[in-house]
């Protein structure tokens, strides 16, 4: 499979010429929208159907990368040669790439029948015109949380094999069951006739939870041709056409009294949903849910719009709507601290929610479970040596050094296993060879699920971790599941495995008691099986217990065969990890160059099961957050041409650009699952970006710099310094 893409951002298609491509030896077929009927793809169920994407562009193209034709050939090189022979004639249309400009009265409309570019709107109402009216002081900021690319370790791809009216597909997805649910109707198949397998996935970060149009088209053509098809995405395709993240303009006014206490908050957001709006546009709702953050805010108003533009569709990216809320809040806190001449730490401390406030329903509508926000902040200050850093900063400012020290602080709360994602399938089974299997509806792609779930089983059943097998990511082996996203896996699937293991243990104790002619209350774990307490030599191994459970003559009357249990665990609601980060940067005021010297993170993800996995997630998350603050950004020219369409132009840092992060934890268990665990996968990203952002501005604030938009490149920092100096 090879997809031929539009090289223009917005145009009316007059014709597509494919005849030369069809004549090339080895080409099996070439299709445009006129040659094949493919159902349009609506990116999110809550949007008006008018925003659906034609899998092959029909009358218009709406972004550079839109698919105009597809080639199937015997080899990839033949398909590429044929694609080079395909030409599109078109009439250019006005291009819109800025989400604010998409709202202008005379803006080009991508879907004219809708009448506007707005695809989603949400908000929190407040009685009266302005909640900040009457405040002693009002801090204001307008900022951009820039568009960034997912940049997974491997790009996308799919193998689709039809056989006997069924279709088997291999694809690197974060959610195989959700893909089956969405894809089967588009293929005219019952779900049981669509088999989806997710092999080893080279990074997800959110974009691989979305369903690429290419997967749908490949599956449709595989069924029509009745032969196996393969599509492998090029990195340049991934950068241009795979879902992007963030892409929002955030505006806030925060009211304070003269002592620095928050009195009110008024916030707006405009999200860029791209040419064919997907879940990225809906993420404004998650920003709304988390807009109160860690602070006590008496009055709040929020309004958000998501709009279509002639750019790549946006999807969920690590944090997915929650980082934007924290970014706006934490910039406002620093702006207010600067204007009120209050230390950034003290203004936060004055406004943090107290530990006895939980459980708490926020003005954004979230049900916070537990939190000790001041504890995390105090630990971050202690580990960073905050007072010493302030002294070093003043020393540099006093001697007029060209390299100024910046200290940035951010406190955050995050939502994991969010709306609709707090239920998950899990099962545990003991086999006759003495091994165990954990079957889960989550789908690991590097998070250490095998280690975590094996630890749970080993701790409860006493079976060696090496004897535990993980069954996942296959819709025929796992009956259902929501997949892996939203930092949900341990608290949902892990809790299911925990409960299933306890249930299996109780059944095994009853069976062992029957075999050993003892009371079930006297049976304990040890020696690779179960035995009577105080008689460890007389042990029944797990292998023998599994065999006995399947033997009608050895089971007690009324016991079901097998040592297995399955369930759908329901955590009833999300959990809310939190933390505090301190970033230390050095800014060269003569060049604008920024170096991240230290990053100190204290993240609380509830009860920690495996410290090493938690630390790994912290480091990965911080790296991605630092990348947004300092390096990454997807940009377009005025004609909608991508300026960052490959890894030569898109700045993603390596480990050489980053220090070794200093990571710590506090533990505040949640009551919403038996593990007491909250998520950790996205926390580092949410805390790091605003702390680094604040640190860079803090380094040059004494020169009159009030704000700089991300990414904080040397050019942007230098220009801000020059502008402040007049």
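Of all residues in segment 289-315, those that are on the phi > 0 side of the Ramachandran plot have Cβ atoms under 8 Å from Cβ atoms of residues that are modelled with pLDDT of 95 or more and in a strand (DSSP E or B), 6 or more apart or on another chain, in 293/411; 293/412; 293/413.
Across segment 560-571, the number of residues qualifying as closer than 16 Å to residue 487 by Cα and not in a strand (DSSP E or B) comes to 1.
Picking from residues in segment 610-635 that are assigned to a loop (DSSP other than H, G, I, E, B) and in contact with a helix residue (DSSP H, G or I) (Cβ under 9 Å, 6 or more places away or on another chain), the one that is farthest from residue 243 (Cα to Cα) is 610. Counting only residues that are free of Cβ contacts under 8 Å to residues at least 60 places away in the same chain, outside any helix (DSSP H, G or I), out of contact with any strand residue (DSSP E or B) (no Cβ under 8 Å at 6 or more places or on another chain) and more than 20 Å from residue 666 (Cβ to Cβ), segment 351-409 holds 2 of them. Based on what the data block shows, is residue 556 over 30 Å from residue 717 (Cα atoms), touching a helix residue (DSSP H, G or I) at 6+ places or on another chain (Cβ under 6 Å) and in the same structural domain as residue 693 (by TED's automatic domain parsing)? It is false that residue 556 is over 30 Å from residue 717 (Cα atoms), touching a helix residue (DSSP H, G or I) at 6+ places or on another chain (Cβ under 6 Å) and in the same structural domain as residue 693 (by TED's automatic domain parsing). Is it the case that residue 582 is more than 29 Å from residue 295 (Cα to Cα), in contact (Cβ under 8 Å) with a residue 60 or more places away in the chain, in a strand (DSSP E or B) and touching a helix residue (DSSP H, G or I) at 6+ places or on another chain (Cβ under 8 Å)? The answer is no for residue 582.
Against the numbered list (1) modelled with pLDDT under 95; (2) crowded, with 16+ Cβ neighbours inside 10 Å, residue 123 comes up short only at (1).
Table: residues versus (1) crowded, with 20+ Cβ neighbours inside 10 Å; (2) under 30 Å from residue 355 (Cα atoms).
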site: 382; (1), (2): no, yes
site: 388; (1), (2): no, yes
site: 391; (1), (2): no, no
site: 396; (1), (2): no, no
site: 403; (1), (2): no, no
site: 407; (1), (2): yes, yes
site: 413; (1), (2): yes, yes
site: 416; (1), (2): yes, yes
site: 422; (1), (2): yes, yes
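Going by the conditions given, is residue 595 without any contact (Cβ under 8 Å) to a residue 40 or more places away in the chain and on the phi < 0 side of the Ramachandran plot? Answer is yes for this residue.
Can you tell me which residue is farthest from residue 196 (Cα to Cα) among those in segment 150-169 that are in contact with a strand residue (DSSP E or B) (Cβ under 6 Å, 6 or more places away or on another chain) and either in the same structural domain as residue 707 (by TED's automatic domain parsing) or in contact (Cβ under 8 Å) with a residue 60 or more places away in the chain (or both)? Steps first, please.
Looking only at segment 150-169, we keep the residues that are in contact with a strand residue (DSSP E or B) (Cβ under 6 Å, 6 or more places away or on another chain), and these are 157-161, 167-169.
Next, only the ones that are either in the same structural domain as residue 707 (by TED's automatic domain parsing) or in contact (Cβ under 8 Å) with a residue 60 or more places away in the chain (or both) stay: 157-161.
Working: 157: 13, 158: 10, 159: 10, 160: 9, 161: 11 Å.
In this case the residue turns out to be 157.
Under the condition of being touching a strand residue (DSSP E or B) at 6+ places or on another chain (Cβ under 8 Å) and in contact (Cβ under 8 Å) with a residue 60 or more places away in the chain, which residue from segment 609-626 is surrounded by the most Cβ atoms within 10 Å (Cβ to Cβ)? That would be 622. Tell me the residue from 644, 685, 689 that is in contact (Cβ under 8 Å) with a residue 24 or more places away in the chain, assigned to a helix (DSSP H, G or I) and under 30 Å from residue 107 (Cβ atoms), please. After applying the criteria, what remains is 689. Of all residues in segment 72-96, none that is crowded, with 21+ Cβ neighbours inside 10 Å has its Cβ atom under 6 Å from the Cβ atom of a residue that is at pLDDT below 95 and part of a strand (DSSP E or B), 6 or more apart or on another chain.
What residue, among those in segment 319-345 that are at positive phi and buried (at least 23 other Cβ atoms within 10 Å of the Cβ), is farthest from the chain's Cα centre (by Cα)? That would be 321. Within segment 190-221, being without any contact (Cβ under 8 Å) to a residue 60 or more places away in the chain, assigned to a loop (DSSP other than H, G, I, E, B) and over 20 Å from residue 43 (Cα atoms) holds for one residue alone: 190. Among the conditions (1) in contact with a helix residue (DSSP H, G or I) (Cβ under 6 Å, 6 or more places away or on another chain); (2) more than 26 Å from residue 444 (Cα to Cα); (3) surrounded by 17 or more Cβ atoms within 10 Å (Cβ to Cβ), the only one that residue 247 does not satisfy is (1). Applying the criterion of at least 3 residues that are within 45 Å of the chain's Cα centre (by Cα) and either within 19 Å of residue 434 (Cα to Cα) or at pLDDT 95 or above (or both) to the strands (runs of 3 or more DSSP E) found wholly in segment 497-542 leaves 523-526. Based on what the data block shows, is residue 69 crowded, with 20+ Cβ neighbours inside 10 Å, part of a helix (DSSP H, G or I), touching a strand residue (DSSP E or B) at 6+ places or on another chain (Cβ under 8 Å) and at pLDDT 95 or above? No, not satisfied.
Please indicate, with yes or no, whether at least one residue in segment 591-599 is under 21 Å from residue 705 (Cβ atoms), out of contact with any strand residue (DSSP E or B) (no Cβ under 9 Å at 6 or more places or on another chain) and in a loop (DSSP other than H, G, I, E, B). Yes, segment 591-599 has at least one match.
The values are calculated or read from the model by the stated rules, or taken from the named source; none is laboratory data. Remember, predicted model here, so these are calculated numbers, not experimental data. When we count neighbours, we look across all protein chains shown, and the Cβ atoms used for this are built from the backbone with ideal geometry, even at glycine.
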